[in-house]
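So the structure is just underneath, and the comments pick up after that.
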Amino acid sequence: MRIYADHAATTPVSDEAWEAMQPFLREHFGNASEPHWAGREARLGLDGARVRAADALGVDSADVVFTGGASEADNIAILGRATRGPGRIVTTPLEHPAVSGAVEALGQHGCEVVMLPVDADGRVPVESLDAAVQPGDLLCSLIWASNLTGVIQPVAEAAAICADRGVPLHLDAVQACPALEVDVGSLPGEVTAAVAGHKLGGPKGVGLLCGRGLATLQPVLFGGGQERALRPGTESVAQAAGLAAALAAARADRGRYARYRAVRDGYEAALRAGVPGVTIVGERAERTPGHSLVLIEGLNGHALVALLDEQGVAAAAGAACASAESSASLALTAMGVTAEEARGALRLSFGALSEDAHGTLAAGAVVRSAELLRRASAVV
C-alpha cells in the first residue's frame, strides 16, 4: 500500500502542465527578452502563460508577475512596501514563514507589527480585523487558507475593510488556489496574492504574484528589469507555461472539491471511531476540502509520521518547510492548543492522487500506529 496524503506539501505535475511545458524546454528555448525569432517564440509562450494565469485568477494579464516560487512572491509583496518607510503592519500568527519572516525583518527595521487574534478554530474574527486595520497602515497580510489546518480566512471582509481605509492587502493564496475558486480580481482595493505552482499540479521553482497592488510595489531585487522589474532575471517560459496550465486545469475541474472532501471526511470519521482522544482542528470552521489536522492525545506526531511511512502512508506532523515546527507551534498556541497537545499534531492532506478508499485506509494505518505507540509507552 502506498498512499500519498501530503498534498499540502507538494503535488505531482499534472498532465496538462507537463504537456504545456514541453515545447519550451527544447523547441522554443529562446530568451524571451531577445528580439530575434527564438526570443519572439519564447515571448509568445510567456505572454500566453500570463494571459492564461490571469484568466484563472480573475485579474488583468498586466497584473501577473512570474516568480521563482510563492516564498519569493510573498517577500516581494511585503518587502516591496518597506521603501515607504516604517509603518504599521497587521498580520496573523497563522502565516507561512515566507510571510512571517519578511514581516519580522521589517519589524527589526522600525515597523510596528500588529498580530491579530484567532479563535479556537484558527479563524481571525472579522471584528478584530475591523478594529486593527487603520488608515495609513503600511500593509495587512493574511493567509487565505492555512497550510496547517486548511481553515479559510474571511478574505472578502478583510479586502473590504482594507479598501475602505486605503490599506494594501497581501494574501498568501498558496493553499487556497488548489482547493477554492480564487478570484483575486473581484476583491476591492489594492490587493496582491501569491501562488505556488507545485501546490496545484505545476512544477516546482515557479510561482506568481498578482493583483492591482503590484503598481505600488518597489523592487527589492535588481537585474535586467524583467517582470515589471519586480522579479528580474531570464524568465523560465516552460515553468510559467506549466503553472498557467495547472491553474487552468484546476479551475476547469470543479468536481475535485467534492472528491477531496469525501476522502477527507471518510478519513476523519474512521479515525474518530478507531483512536481515542482525537481532536480535529478547525472542524467548526470552513476548511479547504482536503486538509485534516488532528491532535492525538498522548502521542507524538513525528513518531506517528515515521510509523505511517513504514506502512506506505505519506503524512506530515506539520508544514513542509525548514521552520515548520516553530511556525506550527506559533499557530496552534494562538488557537489555545497547549504544547503537550501540539506534540500529537498529525496532518494528512488529500488531493489529486487520492482515491476513494484512501481516507479509510490511511485512518486504519493511523489506528495501528497509535496502538503500537501506546503499547510501547505502557511498557516503558
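Over the Cα atoms of the stretch 1-105, each weighted equally, I'd like the Debye log10 I(q)/I(0) at q = 0.12, 0.14, 0.18 Å⁻¹, rounded to two decimals.
Treating every Cα as an identical point scatterer, log10 I(q)/I(0) equals -0.66, -0.84, -1.09.
Quick one: compute the contact order of the chain, relative version, from alpha carbon pairs under 8 angstrom and 6+ residues apart, as a percent.
24 percent
Using a 1.4 Å probe, how large is the accessible area of residue 115, given in Å² and rounded to the nearest 10?
100 Å²
Not counting the cut sites, what is the longest span of the chain without trypsin sites (Lys or Arg not before Pro) that DSSP labels loop and that have at most 10 other Cβ atoms within 10 Å?
Values: sites that count: 2, 26, 254.
It works out to 27-253.
Quote the accessible area belonging to residue 24 in square angstrom, nearest 10, computed with a 1.4 Å probe and with ligands, DNA and RNA left uncounted.
40 Å²
If Lys and Arg each add +1 and Asp and Glu each add -1, what is the summed charge of the other residues whose beta carbon sits under 11 Å from the beta carbon of residue 283?
Values: positive: 264, 272, 284, 287; negative: 121, 265, 268, 286.
Charge balance in the 11 Å sphere: 0.
With every protein chain left in place and a probe of 1.4 Å, what is the accessible surface of residue 6, to the nearest 10 Å²?
Around 20 Å² of this residue is reachable by solvent.
Could you give the angle, 0 to 90 degrees to the nearest 10, between helix 256-274's Cα long axis and the longest principal axis of the Cα atoms of the chain?
Roughly 20 degrees between the two axes.
At 1.4 Å probe radius, can you tell me the per residue accessible area of the stretch 189-307 in Å²? Before the final figure, lay out each step's value.
On the way: 4330 Å² over 119 residues.
For the stretch 189-307, the per-residue accessible area is 36 Å².
Across 5 Å bins from the origin, how do the percents of Cα pairs in the stretch 154-264 run, short distances first?
Percent of pairs per bin, in order: 2, 11, 18, 19, 19, 16, 9, 4, 1, 0.
If you filter the stretch 2-78 for GluC sites (Glu not before Pro), then keep DSSP loop positions with at most 16 other Cβ within 10 Å, what is left?
Details: sites: 16, 19, 27, 41, 72; in loops: 27.
Here the sparse-neighbourhood loop sites are 27.
Work out the FRET efficiency for residue 374 and residue 333 from their Cβ-Cβ distance, taking R0 = 30 Å, and round it to the nearest 0.05. All intermediate terms of the calculation are to be shown ahead of the outcome.
Numbers: r = 26 Å, r/R0 = 0.85.
Efficiency, from the Cβ-Cβ distance: 0.75.
Sum -39500 (n - 2.57) across every DSSP H segment of at least 4 residues in the chain, then divide by the residue count to get the 222 nm mean residue ellipticity, nearest 500.
Calculated from helices alone, the mean residue ellipticity at 222 nm is -12500 deg cm²/dmol.
Across the Cα atoms of the stretch 15-64, what radius of gyration and what greatest pairwise Cα-Cα distance (Dmax) are found, in Å?
For the stretch 15-64, the Cα radius of gyration and maximum Cα-Cα distance read 11.8, 32 Å.
Between residue 306 and residue 280, what FRET efficiency follows from the Cβ-Cβ distance if R0 is 25 Å, with the result rounded to 0.05?
FRET efficiency, residue 306 to residue 280: 0.70.
Just how large is the dipole of the stretch 41-143 about the Cα centre, in debye to the nearest 20, putting +1 at every Lys and Arg Cβ and -1 at every Asp and Glu Cβ?
Details: 7 positive and 15 negative charges, 57 e Å.
So the magnitude is around 280 debye.
Provide 137, 164, 47 ordered by accessible surface of protein heavy atoms (probe 1.4 Å), highest first.
Working: 137 5, 164 120, 47 65 Å².
Listed by decreasing accessible area, they come as 164, 47, 137.
Just for the Cα atoms in the stretch 136-203, what are the lengths along the principal axes, largest first, rounded to whole Å?
If we take the Cα atoms of the stretch 136-203, the spans are 37, 22, 20 Å.
Which order do 260, 267 take by accessible area at a 1.4 Å probe, largest first? If you can, show how the numbers build up before the last one.
Working: 260 30, 267 0 Å².
Sorted by accessible area, descending: 260, 267.
Give the shape of the stretch 244-365 as rounded, prolate or oblate, defined through the alpha-carbon gyration tensor: a ≥ b ≥ c are the square roots of its eigenvalues, a/c under 1.5 means rounded, and otherwise the shape is prolate if a/b is larger than b/c and oblate if not.
Details: a/c = 1.69, a/b = 1.38, b/c = 1.23.
The shape class here is prolate.
Could you tell me the convex hull volume per residue, in Å³, taken over the Cα atoms of the stretch 92-140? Present the calculation step by step, with values, prior to reporting the outcome.
Working: hull volume 3.6 nm³, N = 49.
Hull volume over Cα atoms, normalised by residue count, gives 73 Å³.
Expressed as a whole percentage, what fraction of the accessible surface of the chain belongs to carbon and sulfur atoms when a 1.4 Å probe is rolled over the protein heavy atoms? Numbers along the way, then the final one.
Values: 8330 of 15430 Å².
C and S atoms contribute 54 percent here.
May I have the extent of the alpha carbons of the chain along their three principal axes, as whole Å values ordered from largest to smallest?
Computed over the chain, the largest-to-smallest principal extents equal 71, 50, 33 Å.
Ignoring solvent entirely, what values of log10 I(q)/I(0) come out of the Debye formula for the stretch 44-175 at 0.14, 0.18, 0.20, 0.23 Å⁻¹ when each Cα is a single scatterer?
The Cα Debye sum returns log10 ratios of -0.65, -1.03, -1.22, -1.46.
To the nearest 10 degrees, how steeply does helix 301-310 sit against the main Cα axis of the chain, on a 0 to 90 scale?
Roughly 90 degrees between the two axes.
The values are calculated or read from the model by the stated rules, or taken from the named source; none is laboratory data. The structure displayed is predicted, hence computed values, not measured ones. Please note: Cβ atoms are built from the backbone with ideal geometry, for glycine as well, and neighbour counts cover all protein chains shown. Just the protein is used for accessible areas: all its heavy atoms, side chains included, with ligands, DNA and RNA removed. Shrake-Rupley method; radii C 1.70, N 1.55, O 1.52, S 1.80 Å.
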